[in-house]
1. ARG786 is checked against (1) more than 42 Å from the chain's Cα centre (by Cα); (2) open to solvent by 30 Å² or more (accessible area, probe 1.4 Å) and fails just one. What number does that condition carry?
2. For the range 557-579, check the following and say yes or no: at least one residue is part of a loop (DSSP other than H, G, I, E, B) and open to solvent by less than 40 Å² (accessible area, probe 1.4 Å).
3. Between a first residue in the range 569-584 that is at pLDDT 80 or above and a second residue that is of a type in the set (Phe, Trp, Tyr) and open to solvent by 40 Å² or more (accessible area, probe 1.4 Å), which pairs have beta carbons less than 8 Å apart while being 6 or more apart in sequence or on different chains?
4. For a quick check of your reading of the model, give me the residue pairs whose first member lies in the range 789-810 and is touching a residue at least 60 places away in the same chain (Cβ under 8 Å), whose second is in a helix (DSSP H, G or I) and surrounded by fewer than 16 Cβ atoms within 10 Å (Cβ to Cβ), with beta-carbon atoms closer than 7 Å and at least 6 apart or on different chains.
5. Could you list, in sequence order, all residues of the range 74-97 that are of a type in the set (A, V, I, L, M, F, W, C) and in a helix (DSSP H, G or I)?
6. Restricting to the range 394-453, give me the number of residues that are open to solvent by 50 Å² or more (accessible area, probe 1.4 Å), outside any loop (DSSP other than H, G, I, E, B) and out of contact with any Asp or Glu (no Cβ under 9 Å at 6 or more places or on another chain).
7. Just the residues that are surrounded by fewer than 19 Cβ atoms within 10 Å (Cβ to Cβ) and not hydrophobic (A, V, I, L, M, F, W, C), please, taken from the range 349-367.
8. Could you please give the count of residues in the range 761-784 that are within 16 Å of GLN555 (Cα to Cα) and assigned to a loop (DSSP other than H, G, I, E, B)?
Amino acid sequence: MITPVLSTKLYIPPPRTKVVLRRPLIERLNEGQSGKLSLISAPAGFGKTTLISEWITAYQHPTAWLSLDEGDNDLSRFLTYLVAAIQTIAPHFGESVLAVLQSPQPPPAEAILTELLNEIVTIPRDFMLVLDDYHLIDARPIDNALAFLLDHLPPRMHLVITTREDPNIPLSRLRARQQLTELRAADLRFSQGEASDFLNQVMGLHLSVDDIAALETRTEGWIAGLQLAAISMQSHQDIAEFIRAFAGDNHYIVDYLIEEVLERQPEPVRRFLLQTAILDQMNGALCDAVTGQQEGNARLEALNRGNFFLIPLDNQRHWYRYHHLFAEVLRMHLMTEFPDQAGVLHQRASEWYEQNGLVADAIRHALSGEDFARAARLIELALPALRRTRQEATMLSWLQSLPDDVLRYRPVLSVHYAGVLLQSGRLEGVETRLRDAERWLEPQVDKTEMVVVDAKEFEGLAGSIAMYHAGIALTMDDLVSTMDYARQVLDLTPEDDHLRRGAAVAFVGLVNWRYGELEAAHRSYVECMTRLQRIGFISDALGCSITLADLRIAQGRLREAMRTYERGLHMATQGDSFLRGAADMYVGMAEIERKRNNLSAAAQHLSKSKDLGQLAGLPQNAYRWCVAMARLREIEGDLDGALNLLQDAGRLYIGDFSPDVRPITALKTRIWLAQGKLDEAIDWMHEYGLSAANDISYLREFEYITAARVHLAQYQRGRTDQQSNLETINLLERLLKAAKDGGRNGPAIEILILLALAHHMQGETPAALAALEDALTLAKPEGYVRIFLDEGKPMTVLLETALKQGIQPEFVHQLLSASGKVEDSAPVDQGLADPLSERELEVLRLLRTDLDGPDIAQELIVSLNTLRTHTKNIYTKLGVNNRRSAVHRAEELGLL
């Protein structure tokens with residue numbers, strides 16, 4: 001969640017002085033610019049940030065800066081700030097990604113970073129990105145995202161990290177590849193010469209060589225120690241005596257310096273420092289609220305002028321923060337001297353942030369001050385908005401910070417906690433939280449201790465509990481209980497509770513889907529989508545569109561699936577901008593065009609998905625883009641490329657409540673078969689326990705069809721006997737019956753094709769042609785083409801035989817033409833008095849896409865005037881007067 005002081009995180013701290021102190025280190029950094037990463041890792045006070053600031057001053061390219069803090073451990077927040085940092089040098093960088101990160105269901109980090117990497121390449125100049133204070137990041141997802149970024153970093157960008165501890169990224173690999181420049185404490189320690197320049201030129205002292213050597217030895221070149229010493233010496237008359245007293249164990253020296261700095265301040269200044277130490281960033285008004293005084297701005301300006309470990313966070317010097325080390329020391333002294341004040345100070349800060357609309361900061365200070373009742377109240381009010389934007393990580397971190405005895409009396413928080421755990425894939429603890437919420441619904445329970453802030457959410461408590469029980473049951477594959485709980489939700493909620501009732505009917509649909517009852521599942525999802533649209537959950541409604549189209553494709557109803565995607569695209573289009581789900585619609589349309597063998601249109605749709613800035617994208621299901629592109633690579637003959645894309649799809653796949661009816665492992669097995677890697681395919685079949693003799697189920701239908709392909713490949717290569725092939729035919733016949741009984745024409749077409757090939761292998765031509773004719777009958781009305789072509793030469797032989805016997809001659813001729821195997825035969829009857837030419841048919845196929853006239857002309861390599869001539873002829877022959885009508889008429893005639 002972005003705070004109003006975002007610019008303060010992106011502000012590059014200026015060098016403290018024009019004196020260049022670290023020339024050798026800057027030279028080393030310059031030498032490492034050709035690598036990917038410069039890592040400056042050392043304890044507090046070693047001048048890491050100052051060194052990088054000094055380097056940037058001499059750097060000849062743009063620099064983006066991101067100062068990190070403990071609140072940046074949420075992945076979406078981190079990526080948002082990262083984009084905003086780069087926007088300081090490339091203003092329009094990552095705009096679509098920023099919108100996606102605020103969406104209800106942000107996509108995987110790898111997908112977002114892939115899009116960002118693509119945009120980085122377009123930045124016209126080399127640049128540097130600095131991540132300052134990375135040690136404050138303690139989130140594995142962010143470490144993984146950074147590792148991915150480094151693995152694929154374009155030469156255009158150089159990354160710099162300053163940190164107190166090594167980041168959890170593959171540094172050893174970067175070292176081995178000579179892509180890493182490292183500066184550590186031993187490198188950063190001031191030499192005696194650098195200490196002399198710092199103390200005498202920067203701090204304005206006049207110390208002898210011996211005095212400087214003594215200080216340098218005692219502090220071991222620790223820059224913060226030298227700075228503290230210099231500040232303390234400024235108020236001493238006898239410098240030599242101070243330095244002699246300064247000698248001693250380093251820990252004592254540091255303690256002494258700290259005491260010197262604090263104890264020598266006037267009491268009002270000292271009190272101000274201690275009271276404001278709880279703040280990660282501060283301005284005058286916030287300081288006034290925390291201290292109860294009215295001089296915050298003047299105090300901050302005075303401290304800044306006095307070089308008092310205060311760092312300005314913006315050019316207007318409105319927001320500041322203390323040097324991290326100094327802040328830690330101040331907090332330690334606050335807890336030692338005034339332990340009872342910390343809670344009060346945090347409470348005041350929380351109140352100020354709440355009054356200024358900064359709820360996240362208000363909650364953080366309430367939690368830090370252990371004012372859990374206040375924190376719980378703020379969290380309960382904030383949760384509905386966070387739930388709508390799917391900020392599970394933030395919700396979970398807040399709820400985990402509340403003690404059980406606070407949560408137990410707050411049913412709304414308890415049920416939200418259960419929901420966040422479930423949505424995060426953490427089943428442990430979900431039942432406990434639901435019981436905590438559910439007990440307050442029992443009539444005999446004394447409700448005097450119950451705390452409810454959001455009364456509207458409490459009204460829907462019973463429905464929420466049943467809804468999450470349904471989710472648990474579905475996760476455990478307990479379909480009966482899932483249906484029971486879904487019905488409970490419908491019984492417990494009013495008709496206008498669209499969110500809960502929509503979720504309930506979605507669960508009903510998911511159960512029907514798992515049973516293979518696709519039409520019932522479709523009806524449920526139509527209702528769910530309608531309800532979500534009514535309450536403005538458009539991104540979730542687009543997710544429903546994906547499911548609805550999946551169901552229609554499984555039913556073999558490609559035309560309806562395409563219309564579903566087109567309606568979804570319309571829903572996702574808002575003026576000149578698109579919601580994240582628009583990319584999913586283009587991916588789905590690409591898959592349908594591939595099935596129809598309109599490969600150019602399919603590629604255009606996938607390109608459009610990527611160009612939206614939402615892939616590689618950022619569809620809601622990013623793995624689908626990789627699968628769709630893999631299918632095109634396979635058609636092109638790039639089987640290794642297809643396999644690599646499926647590997648990417650496997651990494652991007654995120655399991656949810658939807659059944660995985662087309663596992664990526666099965667898709668990879670089909671590529672292995674195309675590569676001739678039969679042993680790998682057989683190993684997959686054995687690993688997943690797929691045998692021709694097994695009972696079959698809808699959820700594993702695709703896997704068993706794939707297993708049948710493996711069995712046929714074994715037989716074709718002489719590795720099994722005729723009896724085995726008969727068993728494969730039996731498996732296919734059982735699969736066909738199940739598919740037909742379930743109204744699943746999509747898989748039925750593939751099964752019939754495999755039956756035709758299996759019978760053909762047996763020399764049973766009549767049985768092969770009968771199966772092929774059934775497949776053609778199902779495929780022709782919906783425009784299936786590719787499913788035949790993908791079978792290669794064996795299918796071509798069968799199609800040629802079918803054509804000679806007069807089986808579906810027009811459609812078979814079309815398939816043979818598409819495969820480039822047309823024999824001399826009568827032209828296909830288009831049902832038109834004046835048939836369309838091949839060129840006009842090609843134009844017509846492109847008219848179905850979202851390409852405009854100039855794009856179509858470019859695709860065909862013709863002039864725009866020539867394209868207009870073709871289009872006019874098409875309209876005349878089809879008896880229409882516009883593009884939409886032409887496409888509709890062509891579909892009716894089976895030309896598309």
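The values are calculated or read from the model by the stated rules, or taken from the named source; none is laboratory data. Everything quoted here is computed from the prediction, not taken from an experiment. Don't worry about glycine lacking a Cβ; one is built from the backbone with ideal geometry, like all the others, and counts go over all protein chains shown. Heavy atoms of the whole protein, side chains included, go into the accessibility calculation; ligands, DNA and RNA do not. Shrake-Rupley method; radii C 1.70, N 1.55, O 1.52, S 1.80 Å.
1. (1)
2. No: zero hits.
3. ALA572/PHE578
4. Note: pairs meeting the criteria are LEU789/ALA818.
5. Residues satisfying the conditions are LEU75, PHE78, LEU79, LEU82, VAL83, ALA84, ALA85, ILE86, VAL97.
6. 9
7. If the condition is that a residue be surrounded by fewer than 19 Cβ atoms within 10 Å (Cβ to Cβ) and not hydrophobic (A, V, I, L, M, F, W, C), then GLU351, GLN355, ASN356, GLY357 are the ones that fit.
8. 2
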